[in-house]
Amino acid sequence: MPGTSDFDDFETFSPVMTRDEIIEWFSRRLGHPPDPHDFLKVGTQFYQLGAYSRALVCLQQYVNLPAAQSMGRHLLAYCYLSLGELENALNEFKSCVRENVHEDWQLVVELAIEIEEARRNHPATPLVGLNGGGGGGTLGGGGEFPLYGAATGPDVNNGQQSQQQGGSSPGGMARITAPVEFD
């Protein structure tokens, strides 16, 4: 996209470059070694272009730096989601929740449900690209995140988020029983 990037040659950035090659790519274009903001900025630009694999590499570099902020991890989670890597997306969204990005709770719950359903319905199928390639199923397609009608909240018995499925709860909502575990 002309005018929205500091670099004219995004195509030369490869998602399979080593860390040293990535730093060299940035350094040639910036005239200095990249700082955390550079990784976040270019990762965001790649994401906006739909170049999720390239965005993923930049954002992985970013979140491993001491100055990283949770917005970079949040975007990294969406990269994984856009690539259909549901378990990686779930892990990053959990990290976001741990970093006090509370609006990601719903995504954590929905991804945990989708992953569990996928395991039950397709036990031999890897969860990457499930349900039609890069979309990744219900959560990965079109940016829509359906509400599952689940009553959720911290389980006072073990301090973990819990969900209950089967039967019904007051108001006719489904109850989900699989806990969302945080490592």
Give a residue-ordered list of calculated ³J(HN,Hα) values for the range 12-27 (Karplus: 6.51 cos²θ - 1.76 cosθ + 1.60, θ = phi - 60°; whole Hz; x for Gly, Pro).
7, 7, 10, x, 9, 6, 6, 4, 4, 5, 5, 4, 5, 4, 5, 4
Ignoring ligands and nucleic acids, what accessible area does Ser27 show with a 1.4 Å probe (Å², nearest 10)?
30 Å²
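The values are calculated or read from the model by the stated rules, or taken from the named source; none is laboratory data. Computed from a predicted model, the values in this text were never measured in an experiment. What goes into the accessible areas is simple: the full protein's heavy atoms, side chains included, and nothing from ligands, DNA or RNA. Shrake-Rupley method; radii C 1.70, N 1.55, O 1.52, S 1.80 Å.
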